[in-house]
Amino acid sequence: MVSRNLVICDQEVRYAAALAEVFMKAKELALGVQVCNSVEQTVKLQEESPIDILLIGSSYPVEDRKKIKAGNVFVLAQSENAAHETNEKLINKYQSGEAIMGAVIEQCTQSGEPERFFLRTAKKQNVRIIGIFSPVHRSKKTGYALKLGKELARTYNVLYLNLEVYGGIGGHFPDAGQTVADALYYSRQEKKHLRAALAGMVKHMGPLDYLLPMRMSEDLKAVEIEEWTGFVEQIAEQSIYEVLILDIDEGIRGVYELLRMCTEIHVAVIKEEVAQAKLFQFEEELHLMGYDDVKQKMVKKELEG
């Protein structure tokens, strides 16, 4: 159910429509989004229903902007001196839509009532956590994980997390944007705002939501297993996601403990003698180290090498 109204008012119609699409793709947000290209249109909307969040272009004179009453006012500015009213907040107009959305969410949730801007989530009994893992390189497991995620996302709210040492930004994923490292920061420092932070970080691959992988391999290697498990638990508990897909690398500290918290583990394998030997060694190690429960969750997925 929509609980808050967001209006984007800008003379650049295509820009406003593209920005609106970014907000509408954010599944977590309880926002109705409308677009106007004049102050007159916006005032008329205001008469029909209160505006909770207004994003308005700095090209409109201050006197005209003052005609619109909104709970939170953000000026989409091209220069730092565009806003003259104390209740207006400046946002750089020409940055990514995700960055604009993240800034809006962050400032709105600082009001002390962050839940007002998010969909209420029913108590989730069982969040499906699917680990994607392989002791064999060249297994094409990331391609498999993304394909699986897109298929499941047709029915469920799905979040894909790439937890590989070298996740391949610029390959499967775009170059720009916040990463798993940024989400981990909120998990560590500001747990109550993780849900708000995720809404501004998540990118979309068709119906699938995902976070960009870390850019620095040493940053990923330095994360303690307790941080990983706590991070995954917070997302499972606080977000709307019913399925989490973890694309896991053996370079993670305590990787077997992370696999242990998964509800199922898809192991990508290829039909090759050396690859089969590595898989056998992996299974033997699980047994010797007391992780037979992890072995029991494994579902082997044969992929072409």
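Can you give the direction-averaged projected area of the convex hull of the alpha-carbon atoms in region 168-246, in nm²?
5.3
Along its three principal axes, how long is region 227-285 when you only count alpha carbons? Whole Å, largest extent first please.
Taking max minus min along each principal axis of the Cα atoms, region 227-285 gives 44, 21, 16 Å.
Along the charge dipole of the chain, pointing to its positive end and built from +1/-1 on Cβ of Lys, Arg, Asp and Glu, which listed residue (Leu146, Ala30, Val180) has its Cα farthest out?
Highest projection toward the positive end goes to Ala30.
For the chain, the longest stretch holding no trypsin sites (Lys or Arg not before Pro) located in a DSSP loop with at most 10 other Cβ atoms within 10 Å is which?
Looking at the chain, 1-119 is the longest stretch - no exposed trypsin sites (Lys or Arg not before Pro) with at most 10 other Cβ atoms within 10 Å.
If you take every residue apart from Ile169 with its C-beta less than 10 Å away from the C-beta of Ile169, what net charge results, scoring Lys and Arg +1 and Asp and Glu -1?
Spelling it out: positives minus negatives among the neighbours equals 0.
Suppose we look only past 33 Å in the calculated P(r) of the chain. What percent of the Cα-Cα pairs does that tail hold?
33
Modelling each spin label as a point 7 Å along the Cα-to-Cβ direction, I'd like the Asn126/Gln110 distance in nm, to one decimal.
4.3
For Lys203, what charge total do you get from the other residues with a beta carbon under 14 Å from its beta carbon, if Lys and Arg give +1 and Asp and Glu give -1?
-3
Pick out, from Ile248, Val158, Gly131, the residue whose Cα sits farthest towards the positive end of the charge dipole of the chain, with +1 on the Cβ of Lys and Arg and -1 on the Cβ of Asp and Glu.
Of Ile248, Val158, Gly131, it is Val158.
What would the Debye formula give as log10 I(q)/I(0) at q = 0.17 Å⁻¹ for the alpha-carbon point model of region 175-305, no solvent?
Summing over Cα pairs of region 175-305 leads to -1.04.
Among the listed pairs Lys25/Lys271; Lys221/Lys301; Lys69/Lys203; Lys93/Lys141; Lys140/Lys203, give every one whose C-alpha distance is greater than 29 Å.
In this structure, Lys25/Lys271; Lys69/Lys203; Lys93/Lys141 exceed 29 Å between Cα atoms.
Values in this text are rule-based calculations from the coordinates and carry no lab data. Here the structure is a predicted model, which means the values were calculated and not measured. No Cβ is skipped: glycine too gets one built from the backbone with ideal geometry, and neighbour counts run over all protein chains shown.
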